[in-house]
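Below: the structure, in structure tokens.
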Amino acid sequence: MPSTIIEPFRIKVVEPIRLTSRSERQRYLEEAHYNTFLLDSDKVIIDLLTDSGTSAMSARQWGGIMQGDESYAGARSWQKMKKAVHDLTGFEHILPTHQGRAAERILYDYLGGKGKYFFSNTHFDTTRANIEYTGATAIDCLTETGKHPEEEHPFKGNIDIAFLESKIREVGPENVGAVILTVTNNSGGGQPVSMANARAVRQICDKYGVMFILDACRIAENAYFIAQREEGYRDVPYKEIAREMCRLTDGVIMSAKKDALVNMGGFLALKDEQIANACSSTLIITEGFVTYGGLSGRDMEAIAIGLEEVFDPDYLHYRIVSTAYLGNKLTELGVPIVKPVGGHAVYVDARTFYDHIPVEEYPGQALVADLYLQGGIRAVEIGSVMFGKYDEHGRLVPAAMELVRLAIPRRVYTQSHIDYVAETFAELLADKHNSRGFKITYEPEFLRHFTAHFERL
Ligand SMILES: *Cc1c(COP(=O)(O)O)cnc(C)c1O
């Protein structure tokens, strides 16, 4: 049998891509203040900004859209979604939300507040923002190997258990809002977390009476890695692996825009009835009634189907292997990337790629701008623009890594699109010493990367 891993689907509906010239892109980027979040999508050729809400839905999901029950209360589509979420998580208390961060806001507002601490492998940006917004403190506890882009390890998303325990003792268990395990670890390179690590977190949480929350955005992709890399899981179905991980926790938050293969949606699933009741009240005030949250019936229908499709072995194999395909191509070219390649994205180490640009001049932002100018490719900086802070003298406290994320939308691009991306990198490499850094000319207080303005130095 041929060795090429083909896309395990045929294309039934197409969406044209407008091809732009470099001079057009120069103008568009200036108009967007060099922030690719501020670019209109029709000015982008290959959009690798995010894998969030950008999936192509299947014919079955589109069929489900027509079946959506739009009743205000107790809709049939809600029953289907609830059943699918219950089947995955095992929890009785399930709250639908319009996306992941709404679930985060509701839960972390309840668990957080001034004097509370949250620990995670790496807090995703909306997770951190929702925690800090309540006055609580978010502390990352990633293992040392996870912080080194070049180091190979099967589970670089793991939490550092010893560090976690020392931190819980330091702040006092009564002041811990929750331990949040993010699978896969989005902000830390899309790296997987092992079942052994999740079990160890459970033990620590039991020992100190602390709540354990799973951020399950990419739990199917994480399950694939566990099957491939962890002793004893080779023959366990992906869905079973995901179930086992959920059952170690006290609650699951998921943005359905990732591994539920839909364009909008999310949920919060909880073990504890009292917390669920409190969260339900907030849900009703801010999102919608408990049987729809912020979702249409048709959205819930598509989520129920997507949660099933994502565990299809052919899909998951294609998904992980095709992401690695881009990573391997870049490695062959000599582009430094986070290794091994994660599930949903390839992360380029921009600090090494543009080693002549100091961290204070945001090498990641420079690479993002250059990718767009050269090839119309939209990527995102995950470095000091996203996570940098200022000290009391107004000096930049840089992020641990300066990464550029090339997120791969699910079931959207073909191999030739990805080849084009690799070729664009080859062109950038040839001219890399001429790139220059950036300064920030405008920034808001929270999540500055979404709306900041930049100027080329
Ligand atoms: C996307 C994401 C979220 C937030 O979900 P939204 O649907 O974008 O609000 C939270 N955590 C992780 C790990 C994510 O990837």
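The values are calculated or read from the model by the stated rules, or taken from the named source; none is laboratory data. As the structure is a computational prediction, the values presented were derived from the model and not from experiment. So basically every Cβ, Gly included, is an ideal-geometry build from the backbone, and we count neighbours across all protein chains shown. Heavy atoms of the whole protein, side chains included, go into the accessibility calculation; ligands, DNA and RNA do not. Shrake-Rupley method; radii C 1.70, N 1.55, O 1.52, S 1.80 Å.
A few remarks follow.
- Taken over the stretch 15-42, residues that are outside any loop (DSSP other than H, G, I, E, B) and closer than 24 Å to residue 457 by Cβ amount to 13.
- Residue selected from the stretch 383-417 under the condition open to solvent by less than 10 Å² (accessible area, probe 1.4 Å) and aliphatic (A, V, I, L, M), by the criterion nearest to residue 453 (Cα to Cα): 385
- When 339, 271, 329 are checked against the criterion of being away from the ligand (no atom under 16 Å from the Cβ), touching a Gly at 6+ places or on another chain (Cβ under 9 Å) and open to solvent by 60 Å² or more (accessible area, probe 1.4 Å), a single residue qualifies: 271.
- The condition of being in a helix (DSSP H, G or I) and in contact with a strand residue (DSSP E or B) (Cβ under 6 Å, 6 or more places away or on another chain) holds for only one of 276, 304, 369, 324, that being 276.
- Selected residue [more than 14 Å from the ligand (Cβ to nearest atom), crowded, with 23+ Cβ neighbours inside 10 Å and within 23 Å of residue 341 (Cα to Cα)] from 158, 185: 158
- At least 1 residues being farther than 27 Å from residue 405 by Cβ and in contact with a helix residue (DSSP H, G or I) (Cβ under 6 Å, 6 or more places away or on another chain) is the threshold, and among the helices (runs of 4 or more DSSP H) wholly inside the stretch 144-252 those reaching it are 161-171, 195-208.
- Applying the set (1) assigned to a helix (DSSP H, G or I); (2) modelled with pLDDT of 95 or more to residue 357 leaves exactly one unmet item: (1).
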